[in-house]
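Chemist: Before we start, here is the structure in question, set down as structure tokens.
The values are calculated or read from the model by the stated rules, or taken from the named source; none is laboratory data. Since we're looking at a predicted model, the values are computed, not measured. Here the Cβ positions follow ideal geometry from the backbone for every residue, glycine too, while neighbour counts run over all protein chains shown. Heavy atoms of the whole protein, side chains included, go into the accessibility calculation; ligands, DNA and RNA do not. Shrake-Rupley method; radii C 1.70, N 1.55, O 1.52, S 1.80 Å.
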Amino acid sequence: MQEVLVLGAGYAGLKTVRQLQKQSGDFHITLVDRNDYHYEATELHEVASGSQPKDKITFPIADVINKDKVTFLQDEVVKVDPKQQTVTVKNHGVLNYDYVVVSLGFCSETFGIPGAKENALQMVDIDTAENIHNHIIDMMKKYKETKDKNYLRLLICGAGFTGIELAGAFLDERERYAEIAGVKAEDIEVICVEAATRILPMFDDQLANYGVDLIKKLGVNLMLGSMIKEIKPGEVVYATSPEDTNYQSISAATIVWTTGVSGSPVMNESGFDQRRGRVVVKSDLRDPNYENVYIIGDVSAFMDPETDRPFPTTAQIATRMGAHVGKNLAHQLKGEATEEFSYKAAGTVASVGNTHGFGVVGKSSLKGYPASFMKKTIMNKSLVDMGGLKELLAKGRFDLYH
């Protein structure tokens with residue numbers, strides 16, 4: 001019996017398993033993840049703000065795997081050895097495979113900025129998202145004791161997609177934070193510090209400007225053109241031009257880092273030909289050097305032939321990659337040729353809190369309520385994709401009309 005090892009139960013890995021377990025054949029799948037649940041990584045900002053409990057964006061892996069074909073192993077991947085066809089995991093030692101799917105997800109990228117790891121809160125999984133929410137509640141309580149306005153200041157480093165959605169979620173929860181602190185909602189400051197002067201590059205100028213205006217109108221202090229140089233305890237040091245040597249700073253008791261991600265450090269540890277934890281894969285999503293190694297999701301760089309740059313790593317492409325690898329593994333297990341992967345994004349929608357949004361679906365720009373409606377529809381589709389109807393009914397967003 002052939003052994004297929006899938007590393008990581010995020011969008012890419014879990015979709016691979018769900019696709020492959022439908023196939024008949026003489027094979028067994030082992031799925032490895034450090035958590036016994038799958039989580040919707042696109043919704044971490046909701047847990048960080050406290051607008052949704054973690055149960056709303058997670059479901060047990062055991063609920064969606066076929067136990068006759070799949071063994072789930074809760075463990076942490078330490079190293080992949082593609083030459084020996086082995087994977088070392090923290091608690092169960094060495095695992096052997098005939099085929100491996102590496103879908104190990106992302107970690108926070110600090111770009112070497114001093115103090116970013118030590119003095120800013122990361123948002124990379126359920127635990128770190130919950131940590132942000134607990135931290136904010138503690139800071140509101142401290143304000144009540146001290147009346148120090150820094151405790152009311154929520155500062156986000158980075159105004160990319162994640163930073164914008166987090167700012168929107170913070171705004172939605174201002175009333176609740178304010179009640180704990182004993183202040184008015186408008187006393188809670190939400191600030192985004194961003195190096196770029198033009199944000200949201202995935203959208204055209206008109207839609208990006210709409211997004212910026214919306215964020216500002218809702219109450220976010222958007223500090224564009226502010227290059228972060230250092231994070232000190234409770235303080236962000238920045239410059240307003242590359243030549244600027246007179247740095248400025250802004251203080252806040254809550255500093256969240258959302259400026260970028262890289263692929264899992266395991267990719268480097270394992271000796272893959274990677275850059276920032278990502279491997280440029282072949283057209284069928286295999287590693288360039290190993291016929292039995294697939295690399296997908298956040299650790300994969302799949303080139304866009306139109307731009308000659310890798311496609312952005314999103315839940316959408318990760319899910320599609322997983323479905324494709326499930327099919328390709330079924331081919332390989334039967335001794336058949338693999339198929340090339342092709343990708344065209346169906347669209348991108350950003351939510352700014354529960355009732356506002358903007359984005360593109362197909363060729364249509366969406367703004368305001370229609371975008372918010374579409375964002376929830378996309379979340380529901382993802383739940384069906386990853387968990388089936390049962391998870392949709394349990395966790396779906398049915399407040400489409402607010």
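Chemist: Which pairs do you get when a residue that is within 15 Å of GLU291 (Cα to Cα), found in the stretch 78-91, comes within reach of a residue that is surrounded by fewer than 16 Cβ atoms within 10 Å (Cβ to Cβ) and not hydroxyl-bearing (Ser, Thr, Tyr), reach meaning Cβ atoms under 7 angstrom, with the pair 6+ apart or on two chains?
Modeler: Short answer, once both residue conditions are applied: GLN85/ASN96; THR86/VAL94; THR86/ASN96.
Chemist: Go through the residues of the stretch 51-68 one by one and say whether even a single one is more than 19 Å from GLY10 (Cβ to Cβ) and touching a strand residue (DSSP E or B) at 6+ places or on another chain (Cβ under 7 Å).
Modeler: Checked the stretch 51-68: no residue is more than 19 Å from GLY10 (Cβ to Cβ) and touching a strand residue (DSSP E or B) at 6+ places or on another chain (Cβ under 7 Å).
Residues are listed down the side, and each one gets a yes or a no for (1) outside the structural domain of VAL281 (by the TED database); (2) surrounded by fewer than 16 Cβ atoms within 10 Å (Cβ to Cβ); (3) more than 23 Å from ALA9 (Cβ to Cβ); (4) in contact with a strand residue (DSSP E or B) (Cβ under 6 Å, 6 or more places away or on another chain):
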site: MET321; (1), (2), (3), (4): no, no, no, no
site: THR377; (1), (2), (3), (4): yes, yes, yes, no
site: SER382; (1), (2), (3), (4): yes, no, no, no
site: GLY387; (1), (2), (3), (4): yes, no, no, yes
site: ARG397; (1), (2), (3), (4): yes, no, no, no
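Chemist: Go over the candidates VAL101, VAL124, VAL78, VAL47 one by one and state the one that is β-branched (Val, Ile, Thr) and touching a Gly at 6+ places or on another chain (Cβ under 7 Å).
Modeler: VAL101
Chemist: Tell me, which residue of the stretch 187-212 that is among the acidic types (Asp, Glu) and modelled with pLDDT under 95 is surrounded by the fewest Cβ atoms within 10 Å (Cβ to Cβ)?
Modeler: ASP205
Chemist: Let me ask something additional. From the list THR110, THR162, which one is within 16 Å of the chain's Cα centre (by Cα), among the β-branched types (Val, Ile, Thr) and open to solvent by less than 30 Å² (accessible area, probe 1.4 Å)?
Modeler: THR110
Chemist: The conditions are (1) surrounded by fewer than 18 Cβ atoms within 10 Å (Cβ to Cβ); (2) closer than 17 Å to PRO265 by Cα, and GLN84 fails exactly one of them. Which is it?
Modeler: Unmet for GLN84, out of (1) surrounded by fewer than 18 Cβ atoms within 10 Å (Cβ to Cβ); (2) closer than 17 Å to PRO265 by Cα: (2).
Chemist: Please state which of the following conditions LYS344 fails to meet, knowing it meets all the rest: (1) open to solvent by 20 Å² or more (accessible area, probe 1.4 Å); (2) within 26 Å of VAL193 (Cα to Cα).
Modeler: (2)
Chemist: Could you say which residue among LEU31, LEU14 is under 19 Å from GLY322 (Cα atoms), part of a strand (DSSP E or B) and either in contact with a Leu (Cβ under 8 Å, 6 or more places away or on another chain) or among the aliphatic types (A, V, I, L, M) (or both)?
Modeler: Just a single option satisfies the conditions, and that option is LEU31.
Chemist: Checking the condition outside any loop (DSSP other than H, G, I, E, B) and within 22 Å of ALA48 (Cβ to Cβ), which residue from VAL237, VAL190 passes?
Modeler: VAL190
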